[in-house]
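Colleague: If you scroll down you'll find the structure; I have some questions about it.
The values are calculated or read from the model by the stated rules, or taken from the named source; none is laboratory data. What you see is a predicted model; the values in this text were computed from it and never measured. Neighbour counts run over all protein chains shown; Cβ positions are idealised from the backbone, glycine included. All accessible areas refer to the heavy atoms of the entire protein, side chains included, with ligands and DNA or RNA removed. Shrake-Rupley method; radii C 1.70, N 1.55, O 1.52, S 1.80 Å.
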Amino acid sequence: MKIALWIVQVLLALVFTASGSMKLFAFDQFAASAPALADQHGLVTFIGIVELAGAIGLILPRLTGILPVLTTWAALGLATIMILATGFHLMHAEYSHVPITLTIFALAAFVIYGRGFRTPVKSV
């Protein structure tokens, strides 16, 4: 299970690093592929920053052992983005993008389930 979680985390981190980088550093190319967002530069920049932060959050906390629960929070944030992206694509009749966003959502949900929000049990 741990190996599968790491594989999914790395894959998600790669996907969101690529996606976030394109939104931040190649906006013109992104706008050409997403005309509905061409006039939303601020929103796209924000989403790109959040995706890059989420990609880092999927790997770094677990890898270093420093606040590993942040990996779960990062996966939760990225899953939320995918739910919103699915709604956006449905509203703009971009039905071919929906299976991709739902697949990425399912992978993020797997990380949330596998890593969980573990809190230590205090004995009385």
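Here's the yes/no breakdown for (1) under 30 Å from residue 3 (Cα atoms); (2) among the hydrophobic types (A, V, I, L, M, F, W, C):
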| residue | (1), (2) |
| --- | --- |
| 16 | yes, yes |
| 32 | no, yes |
| 53 | yes, yes |
| 62 | yes, no |
| 77 | yes, no |
| 81 | yes, yes |
| 88 | no, yes |
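Colleague: Quickly run through region 51-64 and pick out the residues that are over 14 Å from the mean Cα position of the chain (by Cα) and open to solvent by 50 Å² or more (accessible area, probe 1.4 Å).
Modeller: If the condition is that a residue be over 14 Å from the mean Cα position of the chain (by Cα) and open to solvent by 50 Å² or more (accessible area, probe 1.4 Å), then 60, 62, 63, 64 are the ones that fit.
Colleague: Which residues, counting only those in region 24-40, are among the polar types (S, T, N, Q) and at pLDDT below 90?
Modeller: If the condition is that a residue be among the polar types (S, T, N, Q) and at pLDDT below 90, then 33 is the only one that fits.
Colleague: Take the residues of region 65-84 that are among the β-branched types (Val, Ile, Thr) and either under 13 Å from residue 55 (Cβ atoms) or assigned to a helix (DSSP H, G or I) (or both): which is most open to solvent (accessible area, probe 1.4 Å)?
Modeller: Once the filter is applied, the top-ranked residue is 83.
Colleague: Any residue at all in region 21-44 that is surrounded by 13 or more Cβ atoms within 10 Å (Cβ to Cβ) and under 13 Å from residue 78 (Cα atoms)?
Modeller: No - not one qualifying residue is present in region 21-44.
Colleague: On the basis of being assigned to a helix (DSSP H, G or I), exposed (fewer than 13 other Cβ atoms within 10 Å of the Cβ) and of a type in the set (Gly, Ala, Ser), does residue 48 make the cut?
Modeller: In short, no.
Colleague: Please go through region 11-37 and give me each residue that is more than 13 Å from the chain's Cα centre (by Cα) and hydrophobic (A, V, I, L, M, F, W, C), ordered by number.
Modeller: Residues satisfying the conditions are 22, 24, 25, 26, 27, 30, 31, 32, 34, 36, 37.
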